[in-house]
Each structure stands twice: as structure tokens, then as C-alpha cells.
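FYI, it's all coordinate maths here, none of it is from the lab. Keep in mind it's a predicted model, so treat the numbers as computed, not measured. Backbone-built Cβ (ideal geometry, glycine too); neighbour counts: all protein chains shown.
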Amino acid sequence: MRVFGTPNMLTADGTDHADLRTGIAPVLRPDRVSRYIDALVRPIARDYLARLTSAQPGPNGEVGGVAVARVARAELMSNCFEPVSVESLRRVMGLDGLVDATALRRWFADLNFGLTNFTHDPAAPDVADATNAEIESVLIPLLGRLRRKSDDSMLAHMLWAGRPDGDPRPIEHLLPSLKVILLGGMQEPGHAAGSTLLGLFTRPDQLARLYAAPADLAPLAVHEGLRWIAPIGTIEREARHEITIGGVVIPAGAQLEVVIASANRDERQFANPDKFDIDRSSRAGSSRMAMPASPAGSSARRRASRHAGPPPSPVTGLGGRSHYAVPARSS
Ligand code: HEM
């Protein structure tokens with residue numbers, strides 16, 4: 001609550017939730033996403049892949065892999081997946097020219113630090129608060145402009161979709177959900193791409209098949225990547241009434257942080273659950289088990305992750321809730 005504020009789409013129910021969804025659905029509906037996603041993400045992905053092999057610093061000073069005569073090395077998460085993810089969504093949201101990819105990545109890292117803070121680091125709340133203030137210093141003036149003159153960006157839809165003329169949603173009503181998107185929407189697609197690539201590195205046979213038939217197999221690979229390493233391993237819920245689960249009594253009103261990452265490795269659901277396998281017939285895996293039937297962003301994230309480029313191997317480097325690094329080498 002302190003990190004995002006209220007109301008936000010993750011914690012709101014009923015009409016509040018439906019109203020917030022009305023604002024973002026127009027841009028994130030699968031039919032709409034399928035019309036813009038290729039033209040949007042492919043050039044950005046190609047640009048970052050080109051930088052990896054040319055070793056030219058990007059516009060924000062980031063340096064791609066070190067290209068030498070026969071071996072290329074790169075840390076793909078920070079030099080490709082995360083920047084591609086944030087650049088793509090930045091354009092969808094209408095933040096071009098206001099904030100760069102480096103700042104967006106810092107924003108989601110800081111919000112995540114404040115939100116998860118598994119190590120109870122005393123600095124985390126202040127870091128998240130400072131980033132929240134920075135985010136608001138960018139978003140509030142922009143939303144103010146969009147209240148006066150709308151455009152086709154996601155932020156404009158959040159203000160105006162489903163509202164009577166001249167009566168947009170209040171800015172403070174939207175900021176908490178925007179922070180959810182600035183964290184999850186910006187971060188998760190890149191991390192999902194990283195999980196998928198890591199999995200494919202363990203299956204050179206399946207990687208070769210994917211190269212041969214990317215349109216057919218990339219969606220399966222992304223789905224399996226989300227199962228194999230769920231980018232989000234916990235859900236927050238409040239118990240509406242007392243309930244006993246596994247012999248533990250949970251009182252009414254208890255705030256729960258439910259760790260569910262292991263569900264995607266449940267051997268009752270998945271044969272050889274630790275193995276990455278794009279041929280699984282079971283499609284039950286979810287990156288987070290309490291995911292609504294059609295959460296906002298689900299189409300964007302599966303499709304955006306398809307644009308990961310040809311991966312080198314081998315790799316190491318996973319940490320914490322999600323990826324910190326995907327170092328890779330090709331020869
Ligand atoms: C691989 C990428 C992504 C993953 C794994 C992911 C995961 C999730 C999960 C598990 C939820 C449900 C949370 C809950 O009910 O407690 C969720 C909700 C949400 N996601 Fe994502 N997400 C991804 C990408 C995106 C993108 C690209 C956007 C926006 C552009 C986005 C925006 C949202 C929003 C607004 C919600 C709240 C939806 C609602 O409550 O109706 N997500 N996401």
C-alpha cells in the first residue's frame with residue numbers, strides 16, 4: 001500500500017476495479033495489441049541486438065556485449081531484455097521524451113525494492129518513497145496536459161475511456177495503478193524473456209526447432225518460460241473470514257503474502273517439473289496462480305517476449321525474485 005497507494009488495480013475490487021480496467025483495457029486488449037506489437041517491439045529489439053554485436057554504447061551510455069573476432073559476450077538482461085521491455089511500454093504509455101530507459105529501469109527496481117524487501121532493509125521504504133516522488137513529478141504534469149488535450153496513449157485512455165465528455169478520471173485516482181504498471185508491466189516482460197532464453201539454453205534441441213519455426217514455437221516457449229521461472233512468485237491477499245489451510249488457522253482480516261512460486265513446479269501437475277520443455281501438453285502453468293482470467297498486460301507480455309533474438313550459450317546468473325542478470329556467450 002505504501003509503495004503504490006490506493007486505489008490500485010491489484011487491490012481494488014468490484015466497481016472500482018472495473019472502472020480502472022475500463023481505462024487501460026482499450027490499449028491492452030489482445031486484438032488491439034496484435035495490431036501494434038510487431039511494429040512496435042521488433043525495431044527496438046533489433047536495435048538492442050545490433051548494439052550487442054557492435055559494442056557501441058547506447059544513447060544512455062549502456063554498453064552491449066564485447067564483440068571480438070570469434071566470441072561475443074553479453075549480459076542480456078540489462079543490455080537487451082529490460083531495455084526492450086521498458087522502451088516498448090514507454091511508447092505505449094506515451095512517456096516518450098519524458099523519461100529514458102535507464103530511469104524506467106531504476107524506477108521499477110526501486111519500487112520493487114520497497115515492495116518486496118525480503119531482507120527487511122531499512123533503506124527500502126525511503127528509496128521507494130523518493131522514486132515515487134520522482135515518478136509523480138513526471139506523471140502529474142503529463143496527466144494534467146492530457147486532461148486538457150487527449151491523445152491515443154494509454155495514459156490518455158486511463159483518463160478518458162468510458163467517461164462523460166469533460167469529466168476525466170482524477171489524476172490521484174490513476175497514480176497508484178500507473179505505479180503497478182511502471183513496476184510489473186515494465187519489468188515482467190523482460191524477465192519473462194530472460195526465463196525463456198535460459199530455459200532454451202538447457203534444451204539445444206528445442207532451441208534449434210524454435211529457430212526453424214519461430215512463429216509456431218516462440219509462444220509455447222514463452223509460456224513454458226513463465227511456468228519454469230515465474231517472474232512473480234507471491235500474491236498478497238486479505239482473508240475475508242477465518243480459514244484453515246494445511247492445518248494452519250488464518251484469522252479473518254489477516255494480511256497474507258502467499259508464496260506460490262512452487263505451484264508451477266508441482267509434480268502432480270507437471271512431469272519432470274524442473275525441466276524446461278516447450279512440448280508440455282499441460283497449459284496449467286501460471287506466472288502467478290491467482291492471476292485473473294485475462295489480466296491486463298497478458299497479451300502484451302506474451303507477444304513482446306517473442307522478440308528475443310538468437311541466443312548464445314551457456315549462461316549463468318539468477319537471483320532473488322526474478323532475474324538480475326543473464327550473462328551469455330556465443331562462439
Ligand atoms: C511477463 C509479463 C507479465 C507478467 C508475468 C505479469 C503478471 C501479472 C500477474 C500475475 C497479475 C495478477 C496479479 C494479482 O491478481 O494479484 C498481473 C496483473 C496486472 N498486470 Fe501484469 N504481468 C506482465 C505484464 C504486464 C504488462 C506488460 C502490463 C501493462 C502494460 C501489465 C499490467 C498489469 C495490470 C494493470 C494488472 C492488474 C490487472 C487487474 O487487476 O485487473 N502486466 N500481472
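Here are a few things to note about the model shown:
- Modelled label positions at K275 and D47, each set 7 Å beyond Cα in the direction of Cβ, lie 4.1 nm from each other.
- Rounded FRET efficiency, nearest 0.05, which uses the C-beta distance separating Y36 from D205 and R0 of 30 Å: 0.35
- Rough spin-label spacing in nm, given labels placed 7 Å along Cα→Cβ, for V249 and E134: 4.7
- Close amide H contacts of A328 (hydrogens built in the peptide plane, cut-off under 5 Å, sequence separation of 5 or more or a different chain): A74, E75, L76.
- Modelled FRET efficiency - R0 41 Å, E238 with K149, Cβ distances, 0.05 increments: 0.55
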